1. Write down the radius of gyration of the range 1-87 and its Dmax, each obtained from C-alpha positions, in Å.
2. Tell me, what % of the accessible area of the range 1-76 is carbon and sulfur with a 1.4 angstrom probe?
3. Taking the alpha-carbon set of the range 58-118, what are its Rg and Dmax in Å?
4. With all protein chains present, how much of the accessible area of the range 171-256 (probe radius 1.4 Å) comes from carbon and sulfur, to the nearest whole percent?
5. Taking every DSSP beta bridge with both residues inside the chain, roughly what % is antiparallel (nearest 5)?
6. Ignoring everything except DSSP H segments at least 4 long, calculate the 222 nm mean residue ellipticity for the chain; use -39,500 (n - 2.57) per segment, divide by total residues, nearest 500.
7. Which whole-number value in Å² is the accessible area per residue of the chain, probe 1.4 Å?
8. With the Cα gyration tensor of the chain in hand, convert its eigenvalues to equivalent ellipsoid semi-axes via √(5λ) and list them largest first in whole Å.
Amino acid sequence: MGFPGAVAEREHADYAVVGAPLDVSTTFQPGARFGPEQIRRFARTFDDYDRRTDQRFSDCGVHDAGDVRAWDDAVEYLEFLGGSLADLVRDGVTPLLLGGEHTVTAAGVRATDPDTLVVLDAHLDLREAYDGNPWSHAAVTRRALDGDPEDEPLSTVSGTADRAVILGARTGSEAEWERADRDDVTVVPPEAVGDWTPDFGDESVYLSVDIDGADPSVAPGTGTMEPFGLSAREMREAVRQVAPHAVGFDAVEVNDRDDGQAAALAGKLLKEFVFSHAEG
């Protein structure tokens, strides 16, 4: 099942949907491996036409490249996934990655090598490691900034972000908050996201949407729910603002443990990204 409206052939594509069903380090409710399938399924009800931008999704040059099948060695998988995404980038195609656990964002960042990583997320994800695992989903923003641990290098693609902007974060360990106090991290709490305005200048941006950035009442189908989160409209506005500056996008941490709310939100945000990116 392809993403609805993703009708462009690979050689004519401006965007490519890539599923990354990695699900090896989820710490509470597993099921992120079903995320790409869920997102495609619940996007089928959306209209092709977007009134705000006067565009049709099917005219935006989106190709669905299918899933990159995951296996249990996360480091090897991320290396392979990053190489696949880098091939798209070299061809001038903007990757639209569907997770899968948030760890897959590391491959997207390495393939696109952005100046700035913008993350909508309930969690800081700035741990050096979680349960001894530096490639846990709880460490992905740290990996995107600080690169690979010495004993677990990704050799195929090695891009990192110079700074991170984390929108909607409302929890983290003491060590994570200390890491967040450094100059290369900006944390915008949920209550301030509605007033946030990006200032990227000529910087390139990678946008990652962890669906748990939304309040659990909006998107319960995710691995680690955290109350007091963002509304769907706040997430939409953030995506619209960031998209014109972006070199890549992902929506991650959707699972199959609700009635499709999380998947529907992720699919709609992907479409909002494409419409805003194409318009910009």
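1. Values for the range 1-87 (Cα only, Rg and Dmax): 15.0, 44 Å.
2. Carbon and sulfur: 44 percent of the exposed surface of the range 1-76.
3. When restricted to the Cα atoms of the range 58-118, Rg and Dmax are 11.9, 38 Å.
4. On the way: 1720 of 3700 Å².
Carbon plus sulfur share of accessible area: 46 percent.
5. Values: 5 of 40 bridges.
So the antiparallel bridges in the chain amount to around 10 percent.
6. -8500 deg cm²/dmol
7. Value for the chain: 41 Å² per residue.
8. 25, 21, 19
The values are calculated or read from the model by the stated rules, or taken from the named source; none is laboratory data. This structure is a prediction, so every number in the text was calculated from the model and none was measured. For neighbour counting, all protein chains shown are included, and Cβ atoms are generated from backbone atoms with ideal geometry for every residue, glycine included. To get the accessible areas, we keep the full protein, side chains included, count just its heavy atoms, and leave off ligands, DNA and RNA. Shrake-Rupley method; radii C 1.70, N 1.55, O 1.52, S 1.80 Å.
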